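Chemist: Okay, here's the structure, questions in a sec.
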2 protein chains.
Amino acid sequence: MKKPSIVILGAGYGGMITATRLTKQLTANEASITLVNKHDYHYQTTWLHEPAAGTLSAERTRMPIKSVLNMNRINFLQDEVVEIKKDDKKVILKNGEVEYDYLVIGLGSEAETFGVPGVFEHAFSKWTVNGAREVKEHIEYVFAKYNNVEEKTDDMLTFIVAGAGFTGIEFIGELSERMPELCSYYDIPRDKVKMYVIEAAPSALPGFDPELVEYAMNLLENRGVEFKINCPIKEVTADGVILASGDEIKAATIVWATGVRGSSIIEKSGFDAMRGRIKVEPNLRAPGHDDIFVIGDCALIINEDINRPYPPTAQIAMQMADVCADNLKSLVTGQGSLKTFKPALKGTVASLGGKEAIGVVGSRKLYGAPASFMKKMIDNRYLFLLGGPGLTLKRGKSPL
Amino acid sequence: MKKPSIVILGAGYGGMITATRLTKQLTANEASITLVNKHDYHYQTTWLHEPAAGTLSAERTRMPIKSVLNMNRINFLQDEVVEIKKDDKKVILKNGEVEYDYLVIGLGSEAETFGVPGVFEHAFSKWTVNGAREVKEHIEYVFAKYNNVEEKTDDMLTFIVAGAGFTGIEFIGELSERMPELCSYYDIPRDKVKMYVIEAAPSALPGFDPELVEYAMNLLENRGVEFKINCPIKEVTADGVILASGDEIKAATIVWATGVRGSSIIEKSGFDAMRGRIKVEPNLRAPGHDDIFVIGDCALIINEDINRPYPPTAQIAMQMADVCADNLKSLVTGQGSLKTFKPALKGTVASLGGKEAIGVVGSRKLYGAPASFMKKMIDNRYLFLLGGPGLTLKRGKSPL
C-alpha cells in the first residue's frame with residue numbers, strides 16, 4: 001500500500017510549524033511530507049516593520065528552510081503555487097505540479113486595498129523580505145537625494161503610512177525612532193521631515209485598550225508623527241494621497257498597511273471565500289473537502305464572543321498548525337478523532353521602536369520597557385517552538 | 001595699523017592644510033584668518049569611491065572642521081561662494097560678503113562632461129559626500145527593487161562607469177568587490193549583473209605603467225567588469241548611454257568619472273582660465289593679482305618634462321598649500337622672499353577594492369596587498385599632516 005502524501009503550501013508560521021510537527025509525529029513509513037514555497041527561506045512576517053524602517057537587517061528576519069526543518073523527512077519544492085486543482089487532488093506550480101492525498105494551505109496574505117486605486121502602482125504594500133528591503137532602500141535614497149537636487153520640495157521628505165493598525169503603528173514606531181539618526185547621517189534638518197499616519201477607522205489600533213492606544217499615539221506624536229484618524233484615503237497617486245475630503249497630501253513615500261486579505265490563489269482555485277479567506281470547519285478543513293486543511297491568514301474563524309473573525313496573526317497561525325498536525329496524524333494513522341481548534345490568546349504586544357512598546361499579556365496592560373521586553377520574549381518563543389534552543393540562541397533578540 | 005585679513009575659500013585638501021599651517025606660522029596679531037566653506041565639515045575627496053560603492057560609511061570620509069582646526073584662530077563662515085570681486089577685494093557669498101587683503105582660492109573641481117549631453121540629468125557625477133551617498137543608496141535601491149517588479153529588465157542591474165581614470169577605476173574596484181555580497185543580500189543571481197567601464201581614450205588609467213594597468217584590468221575583468229576602451233560616449237539618456245558608434249547600452253545606473261574641471265566660480269569671476277583652472281605663477285599667485293593665491297584643482301601648472309598639466313590630485317594640492325602658507329607668511333611679515341612651487345611626486349596608488357591595489361611608490365611598482373597597504377598609509381599620512389597623531393588614530397584606516 002502506497003503511503004499517503006501530505007503537501008504543505010507555504011513556509012510561513014503555519015506551514016513551518018505544521019511541517020516540523022509532522023516530522024516528529026509521523027514516521028517516514030506513515031506519510032511523505034512535501035513543502036512547497038516560493039523561496040528557499042522562511043521569514044518572520046511580524047518582524048518586517050524593522051527591516052522596512054532600517055532598524056534591523058533583513059537577514060535577521062529570515063532563515064534557510066533547510067537550517068530549521070529535518071530535510072531527511074521533507075521533500076522541499078522551491079516553486080510558486082499557481083492553482084489548486086482540488087478535484088484532481090493536485091497543485092499546479094509554476095514549474096511543474098504535485099499530487100497530494102492531504103493538502104495544507106498556508107499561503108498567507110496579500111495587501112488589502114479596499115478598492116482604493118493606485119495602491120499597487122504608487123505605494124509600498126508588500127510585507128515580505130523583498131518588500132521590506134525595497135521600502136528601506138527607497139527611504140534612504142530619498143534622504144541621500146535631497147541634498148543633491150536644486151529644487152527641494154517638502155514632499156520628498158514626507159512619509160505617509162496608510163493604516164493605523166498593528167503593522168502601520170509598528171512601522172512608524174521604528175521609522176520615527178530612527179528619524180533623528182537618518183537626519184543626522186544625511187544632513188537633513190529634522191523639521192523638513194513630515195510623518196503621517198492616516199486611518200479610515202475612528203481609532204488607531206482598533207480593538208486595543210484605549211489607554212494603551214493613547215500612550216502609543218502620544219509617544220509617536222512626540223517623535224513628530226501626525227495622526228489623521230477617521231480620514232479615509234480616496235486615491236493614491238504618483239504625487240501622494242487624495243483624502244475623501246478632497247485634500248491632497250503630497251509624499252514621495254507611501255507605505256500601505258491597511259490590513260490583509262487571504263492569498264489570491266484561494267479564489268483562483270474556486271474555493272468559497274471572504275476576502276481570500278476560507279471559513280474553515282472547527283477541525284480546520286475546508287468545507288466539503290476532507291483532504292484539505294487551511295491554516296493561518298487564509299483561514300477564517302469567527303470569534304463567537306464578538307461575532308467577528310479572529311485577526312490574522314502569527315499566534316493563531318501557529319496554534320492552528322498544532323491542531324492541523326494532530327488531525328493529519330489522526331487521519332493518516334486512523335487513530336483518534338479530529339480535534340477542534342480553539343484559539344488560546346496569550347496577549348498582544350505592539351513594538352513602538354527602541355525600547356518602547358504597548359501590550360496586553362494575560363490581563364495585564366504593559367507600557368514601555370516591560371512591554372518591549374515581552375515583545376522580544378514573544379519573538380523568541382516562536383523561534384523556540386520552531387527550532388528549539390539552538391535556533392533561539394542563534395536568531396533570537398536580546399530582551400535587555 | 002589694521003592687521004591684514006587672509007580669506008581662504010574652500011575647506012578641501014588645499015584650504016585645510018593652508019589654514020592649519022597659517023594658524024601655526026602666524027600669530028594672532030600678524031593676521032586674521034577666515035575660512036569659507038559650504039559645509040561645516042571637511043571631507044576626503046580621494047576616499048569617496050568607497051562610500052559611493054557602499055564599502056565604507058560616508059561618515060568615515062568627513063570630519064567637522066572645528067574638530068581639526070584651531071578655531072580660536074580661524075573665523076569660520078559656513079556659506080557658499082557666489083563670485084570673487086577681485087577689483088573690490090571682496091567675495092560675494094550667498095548670505096553676505098567678505099573682504100580680504102589676501103585671498104586663497106581652493107574651491108576644488110566639478111565634473112567635466114566634455115560637452116556630452118545628458119550627464120547632469122541622467123548620470124551621477126558629484127564626487128562629494130552628498131553625491132557619494134546618493135550613488136550608494138541608488139545602487140542599493142535598484143537591487144532591492146529588482147525582485148519586486150514583475151517585468152525585470154536587464155538594464156536595472158547594469159552599471160556603467162564612464163571614464164577609466166583614477167576615480168572610475170577605484171569606484172568600479174570597490175563596486176565589483178562588493179558585488180557578490182550585494183547579490184547575496186538581495187537574492188540576485190550574480191549573472192544578472194553587468195558592469196561596464198567605458199573610456200574614450202586608447203587606454204585605461206592613462207599615464208600609469210602599462211604592466212600595472214594590465215594587472216588592474218585583468219583583476220577587474222575576473223570580477224565581471226567589461227571594459228570598453230577607445231569608446232567615446234556620445235550622449236547620456238534616461239535609458240543609458242549612446243556610444244559614438246551609435247550603439248546603445250541600457251543601464252539604470254551611470255556613474256560619471258571622466259575627470260574634472262576647476263570650480264565654475266573661477267570663470268564666473270572673470271579670471272583667465274582653461275577648463276576652470278588658472279595657470280598660476282611659480283609662486284602660486286594668479287597672474288596680475290599679487291593678492292590672490294590659487295591652489296589645488298583650480299590651479300594649473302605645466303609639468304615641463306612632458307609639457308602637460310600636472311593632474312589635479314590631493315598630493316599636489318597639499319604641497320601647494322605648504323608653499324602658499326609660506327608665501328603668505330612672507331607677504332604678511334615682510335620677511336623672506338616668495339618660494340617657487342615644485343611638485344615632489346611621491347608616487348600614486350589606486351585601490352581596486354578589498355586588499356587589492358596597484359601603484360608606483362618612488363621607482364617601485366606595487367601590486368596587490370603591498371600596494372593596498374601603501375594606499376592606506378598614504379591616506380593616513382594625510383590625516384597626520386592635517387591633524388597629527390590624534391586625528392590619525394581617530395580617523396585613520398587600519399593598513400592590515
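The values are calculated or read from the model by the stated rules, or taken from the named source; none is laboratory data. All of these numbers come straight from a predicted model, not from anything done at the bench. Methodologically, a virtual Cβ is constructed for each residue, glycine included, from the backbone with ideal geometry; neighbour enumeration extends over all protein chains shown. In case anyone asks, the SASA skips ligands and DNA or RNA and just uses the protein heavy atoms, side chains included. Shrake-Rupley method; radii C 1.70, N 1.55, O 1.52, S 1.80 Å.
Chemist: Treating the point 7 Å from Cα along Cα-beta-carbon as the label, what are the nm separations from residue A:248 to the other copies, to one decimal?
Modeler: 3.1
Chemist: What's the magnitude of the charge dipole for chain A around its Cα centre, counting Lys and Arg as +1 and Asp and Glu as -1 at the beta-carbon? Answer in Debye, nearest 20.
Modeler: Computed charge dipole of chain A: roughly 1580 debye.
Chemist: Follow-up question, since we're still on this one. Per residue of B:126-133, how many C-beta atoms from partner chains lie within 10 Å of its own C-beta, taken as a mean?
Modeler: Taking all residues of B:126-133 together, the mean is 4.
Chemist: Same structure again: In degrees between 0 and 90, to the nearest 10, how far off the longest principal axis of chain A does helix A:13-25 point, with axes built from Cα atoms?
Modeler: Roughly 30 degrees, rounded to the nearest 10.
Chemist: Multiply the residue separation of residue A:275 and residue A:209 by 0.36 nm, subtract the distance between their alpha-carbon atoms, and state the gained length in nm to one decimal.
Modeler: Additional length available on full extension: 21.1 nm.
Chemist: Hey, got the Cα dimensions of segment B:1-44 along the principal axes, in Å, largest first?
Modeler: 37, 18, 13
Chemist: Tally the DSSP beta bridges in segment A:119-256 and give the antiparallel ones as a percent, rounded to 5.
Modeler: Looking only at bridges with both residues in segment A:119-256, the antiparallel portion is about 30 percent.
Chemist: Here's another thing I want to ask about it. Kindly give the distances from residue B:389 to its copy-mates, label point to label point, with each label point 7 Å from Cα along Cα→Cβ, as nm values to one decimal ordered shortest first.
Modeler: For residue B:389, the other copies' label points sit at 4.9 nm, shortest first.
Chemist: Per residue of A:314-320, how many C-beta atoms from partner chains lie within 10 Å of its own C-beta, taken as a mean?
Modeler: So the per-residue partner count for this stretch is 0.
Chemist: Ranking request for peptides B:352-358, B:143-149: highest mean number of other beta-carbon atoms within 10 Å first, then the rest in descending order.
Modeler: Result, highest mean first: B:352-358, B:143-149.
Chemist: Follow-up question, since we're still on this one. Considering only A:370, A:318, A:299, whose Cα is most displaced toward the positive end of the charge dipole of segment A:295-400, charges sitting on Cβ of Lys, Arg (+1) and Asp, Glu (-1)?
Modeler: Looking along the dipole axis, the top candidate is A:370.
Chemist: Can I ask one more? Counting DSSP beta bridges in chain A, what percent are antiparallel, to the nearest 5?
Modeler: 50 percent
Chemist: How large is the dipole of segment B:118-167 about the Cα centre if only Lys and Arg carry +1 and Asp and Glu carry -1, each at its Cβ, rounded to the nearest 20 debye?
Modeler: 260 debye
Chemist: Let me ask another. Have a look at the DSSP beta bridges in segment B:187-279 and tell me what percent are antiparallel, nearest 5.
Modeler: Percentage antiparallel, nearest 5: 65.
Chemist: For residue B:308 and residue B:121, FRET efficiency with R0 = 41 Å and r from the beta-carbon atoms, rounded to 0.05?
Modeler: Efficiency for this residue pair is about 0.85.
Chemist: Distances from residue A:28 to the same position in the other copies: list them in nm, one decimal, shortest first, using label points 7 Å from Cα along Cα→Cβ.
Modeler: Those label-point separations list as 8.5 nm.
Chemist: Out of A:98, A:188, B:327, whose Cα points farthest toward the positive end of the dipole of the protein assembly as shown (charges: +1 Lys, Arg; -1 Asp, Glu; placed on Cβ)?
Modeler: About the Cα centre, the residue reaching furthest to the positive side is B:327.
Chemist: Moving to a separate point now. Rounded to the nearest 20 debye, what is the charge dipole size of the protein assembly as shown about its Cα centre when +1 sits on each Lys and Arg Cβ and -1 on each Asp and Glu Cβ?
Modeler: Roughly 2560 debye, rounded to the nearest 20.
Chemist: With n ≥ 4 as the cut-off for DSSP H runs, can you work out [θ] at 222 nm for chain A, using -39500 (n - 2.57) per run divided by the number of residues, rounded to the nearest 500?
Modeler: Result for chain A, helices only: -10500 deg cm²/dmol.
Chemist: Could you please point out the chain B residue with its Cβ nearest to the axis of the rotation taking chain B onto chain A, and the distance in whole angstrom?
Modeler: B:141, 2
Chemist: Using the per-residue mean of other Cβ atoms lying within 10 Å as a proxy for protection, in what order, highest first, do the peptides B:96-106, A:28-38 fall?
Modeler: B:96-106, A:28-38
Chemist: Roughly how crowded by other chains is peptide A:137-149, in terms of the mean Cβ count from those chains within 10 Å of each of its Cβ atoms?
Modeler: Mean partner-chain Cβ count within 10 Å for A:137-149: 6.
Chemist: Going by alpha carbons, how many degrees (0 to 90, nearest 10) lie between the helix axis of B:314-333 and the longest principal axis of chain B?
Modeler: Around 10 degrees separate the two axes.
Chemist: Listed highest first by mean packing, meaning other Cβ atoms within 10 Å per residue, what order do A:5-18, B:164-177, B:112-125 come in?
Modeler: A:5-18, B:164-177, B:112-125
Chemist: Right, something else. Just to be sure I understand: if you take the accessible area of chain B alone plus chain A alone and subtract the pair, with a 1.4 Å probe, what total do you get in Å², rounded to 100?
Modeler: Approximately 2100 Å² gets buried when B meets A.
Chemist: Rounded to the nearest 10 degrees, what's the angle between the helix B:368-395 long axis and the longest principal axis of chain B, both from Cα atoms, 0 to 90?
Modeler: 40 degrees
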